[in-house]
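Chemist: Starting off with a structure, shown below.
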Amino acid sequence: MIQKLGEGTFSEVFKAQVIKTGEFVAMKCMKKKYNNRETISSIPEVRALKRLSTNRNIIRLLEVIL
């Protein structure tokens, strides 16, 4: 993580750099704790990003970490 970019009711957004590739990414950390991947996958924002990740106007979801 490089720096905090913003904060909302449900999450915080950070600027981060992938160590392996050097690529800069936005990392969103949810404030609520989740127990399993199924619960995370049911979040509307995550579902939308998974469906729309091929659209060039939408940010690409790289990975979801539990």
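The values are calculated or read from the model by the stated rules, or taken from the named source; none is laboratory data. Here the structure is a predicted model, which means the values were calculated and not measured. In this analysis, Cβ positions are derived from the backbone assuming ideal geometry, glycine residues included, and neighbour counts consider all displayed protein chains. Side chains are part of the model used for accessible areas, which takes the heavy atoms of the whole protein and leaves out ligands, DNA and RNA. Shrake-Rupley method; radii C 1.70, N 1.55, O 1.52, S 1.80 Å.
Chemist: Leaving out ligands and nucleic acids, and using a 1.4 Å probe, what accessible area per residue does the chain come to in Å²?
Modeler: 86
Chemist: Shifting gears a bit: Quantify, in whole percent, the carbon and sulfur part of the accessible surface of the chain (1.4 Å probe; protein heavy atoms only).
Modeler: Roughly 54 percent, rounded to a whole number.
Chemist: Would you calculate, for the chain, the mean residue ellipticity at 222 nm contributed by helices, counting each DSSP H stretch of 4 or more residues as -39,500 (n - 2.57) and dividing by all residues, to the nearest 500?
Modeler: -5500 deg cm²/dmol
Chemist: Calculate one ³J(HN,Hα) per residue across segment 14-24 by plugging θ = phi - 60° into the Karplus curve 6.51 cos²θ - 1.76 cosθ + 1.60, and present them in order as whole Hz with x for glycine and proline.
Modeler: 10, 8, 9, 10, 6, 4, 5, 10, x, 5, 8
Chemist: Taking 8 Å as the Cα distance limit and 6 or more residues as the minimum spacing, I'd like the relative contact order of the chain as a percentage.
Modeler: 19
Chemist: If we count every other residue with Cβ under 11 angstrom of E7's Cβ, Lys/Arg +1 and Asp/Glu -1, where does the sum land?
Modeler: +2
Chemist: State the extension gain, in nm to one decimal, for the chain segment bounded by L61 and I43, taking 0.36 nm per residue of separation less the distance between their alpha-carbons.
Modeler: Net length gain for the segment: 5.1 nm.
Chemist: More than 13 angstrom separation, counting every C-alpha pair in the chain; what % is that?
Modeler: Within the chain, distances greater than 13 Å cover 70 percent of Cα pairs.
Chemist: Shifting gears a bit: Check the straight Cα-Cα distances from K31 and name the aspartates and glutamates below 16 Å, setting aside those fewer than 8 residues away within the same chain.
Modeler: Here the aspartates and glutamates satisfying the reach criterion relative to K31 are E7, E12, E45.
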